[in-house]
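**Q** Have a look at this one before I ask anything.
Since every read-out is calculated from the coordinates, none of them should be taken as a lab result. Just so it is clear, the model here is predicted, and its values are computed rather than measured. Virtual Cβ from ideal backbone geometry, glycine too; neighbours counted across all protein chains shown.
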Amino acid sequence: MRDEEMWQAVQRRDHGADRRFVYGVVTTGVYCRPSCAARQPLRDNVRFFATPAQAGEAGLRPCKRCRPLEHWQNDPEVALLLDLCRFVDAQAELPGVAALSERSGKDAFQLNRLFQRYLTITPGDYIESVRLRRIKHALRDSTSVTDAVYDAGLGSSRGLYERAPRSLGMTPRQYRRGGEGLDISYAIGDTPLGPVCIGATDRGICYLQFGEDREALLAQLAAEYPQARLAPMTAQAQPAFDAWMQALNAHLDGRQPSLDLPLDIRGTAFQVRVWNYLRSIPYGEVVSYGEAAAAIDAPRATRALASACAKNRIAVLVPCHRVIRGDGDLGGYRWGIPRKRALIDVERRATRQRDR
Ligand SMILES: [Zn+2]
């Protein structure tokens, strides 16, 4: 099939083409089967691949929505990979890589290649991701941290505490208490959309809010973190803050679409899931609340999703402004609808100029 025919099949969401090729979207890093129901990408961002293996080798991950691997089950390599993933998922006590070797008859090197090729992660990463998924679900649903640990199938809570800072941004107990005991340094700067207050922990930016003036901004910050220790940014941290402000202003002018600043995202497991998803929506695009809920595998949670967007503490960097109502209405925005409209307009203009 020629590229043009494949693009037409994608536009028709042609089920008949599902086992003939997959397409990748370079802006999201995901590959799909032609019939995928997700929002259709811009032609410029699409690449075609004869097999999922080739898409994986190009560094793309399989789409969670259309699950392209499941449609290539007849491929013996894909069948083996899926068998190993299901095996891991089904174990109450998570197996190590050695158990995968034993099951498949492949050595560690071959397993590594297999997982990297299709999932772009190592077998160890896959096992870890299953573990984290269990921990996050358990933390949200359980009444105590200890319950969560046992629900996640872990023998002791030590492993959870060691892993927590990297994965959740705070220890499980802090996570439940709204970030008590945090040290946050803050500074105020000017943007085309008005003054902003930026707050940061030693891990990165945890707070970015627009406001009317300095007093209002400081009052908002204190209200947001009543339990945290707040202090003005030190002279030592000032150069980093200046660089963030410069990047933010270039971004708000449409000159710097991707804004890769260090973030320290904190919230409930569901909020973190929503906010991470928001960060994957390409610059210049918008999705509806319903589409966003479907994309995080929670199609009935539209209202909870809208509430998580409204509770976003990191304006622009966690782009909640890219979610609008299904009828095209802009919906709500924590920092005022005019700012939401301005952000969407700048992105559309910059994207149109780039695509021209
Ligand atoms: Zn898809």
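**Q** Which value, in debye to the nearest 20, describes the size of the charge dipole of the stretch 269-355 about its Cα centre when Lys and Arg Cβ atoms bear +1, Asp and Glu Cβ atoms bear -1, and nothing else is charged? Don't skip to the answer; put the middle values down first.
**A** Values: 16 positive and 8 negative charges, 67 e Å.
Around 320 debye, computed over the stretch 269-355.
**Q** Something else: Using Cα atoms only, what is the angle between the long axis of helix 337-355 and the major principal axis of the chain, expressed in degrees (0 to 90) to the nearest 10?
**A** Its long axis makes an angle of about 50 degrees.
**Q** Normalized C-alpha radius of gyration of the stretch 3-72, against 2.2 N^0.38 Å?
**A** Scaled against compact globular proteins, the figure is 0.93.
**Q** When the dipole is taken about the Cα centre of the chain, and only Lys, Arg (+1) and Asp, Glu (-1) are charged at their Cβ, what size is it in debye, to the nearest 20?
**A** 520
**Q** List the residues whose amide H sits under 5 Å from the amide H of Gln256, counting only those 5 or more places along or on another chain, with H placed 1.01 Å from N in the peptide plane.
**A** Here His251 satisfy the definition.
**Q** For the chain, just the Cα set please: Rg and Dmax, both in angstrom.
**A** Rg then Dmax for the chain, in Å: 22.2, 65.
**Q** Now a separate question. With N set to the number of residues, divide the alpha-carbon radius of gyration of the stretch 1-128 by 2.2 N^0.38 Å and report two decimals.
**A** Normalised Cα radius of gyration, the stretch 1-128: 1.11.
**Q** List the residues whose amide H sits under 5 Å from the amide H of Thr191, counting only those 5 or more places along or on another chain, with H placed 1.01 Å from N in the peptide plane.
**A** Val196
**Q** Under 5 Å between amide H atoms, partner at least 5 residues away or on a different chain: which partners does Val30 have, H built in plane at 1.01 Å?
**A** Distant-sequence amide H within range of Val30: Val25, Arg61.
**Q** Which of the GluC sites (Glu not before Pro) found in the stretch 186-251 are loop residues per DSSP with 11 or fewer other Cβ atoms within 10 Å of their Cβ?
**A** Numbers: sites: Glu212, Glu215, Glu224; in loops: Glu212.
When the GluC sites (Glu not before Pro) of the stretch 186-251 are filtered for loop state and at most 11 Cβ neighbours within 10 Å, Glu212 remain.
**Q** For helix 76-90, report the angle its Cα long axis makes with the longest principal axis of the Cα atoms of the chain; keep it between 0 and 90° and round to the nearest 10°.
**A** Between helix and principal axis, roughly 60 degrees.
**Q** Quick one: Karplus J couplings for the stretch 22-30, per residue in order, coefficients 6.51, -1.76, 1.60, θ = phi - 60°, nearest Hz, x for Gly and Pro?
**A** In residue order, the calculated couplings are 10, 10, x, 10, 5, 6, 9, x, 10 Hz.
**Q** Here's another thing I want to ask about it. From the phi of every residue in the stretch 32-37, what ³J(HN,Hα) in whole Hz does the Karplus formula 6.51 cos²θ - 1.76 cosθ + 1.60 yield, where θ is phi - 60° and glycine or proline is x?
**A** Karplus values, whole Hz, x for Gly and Pro: 10, 8, x, 8, 3, 7.
**Q** Report, to the nearest 10°, how far helix 123-141 tilts away from the longest principal axis of the Cα atoms in the chain, using its own Cα long axis and a range of 0 to 90°.
**A** The angle comes out near 50 degrees.
**Q** Which value in deg cm²/dmol, rounded to the nearest 500, describes the helix-derived mean residue ellipticity at 222 nm for the chain, given -39,500 (n - 2.57) per DSSP H run of n ≥ 4 and division by the residue count?
**A** Computed ellipticity for the chain at 222 nm equals -14000 deg cm²/dmol.
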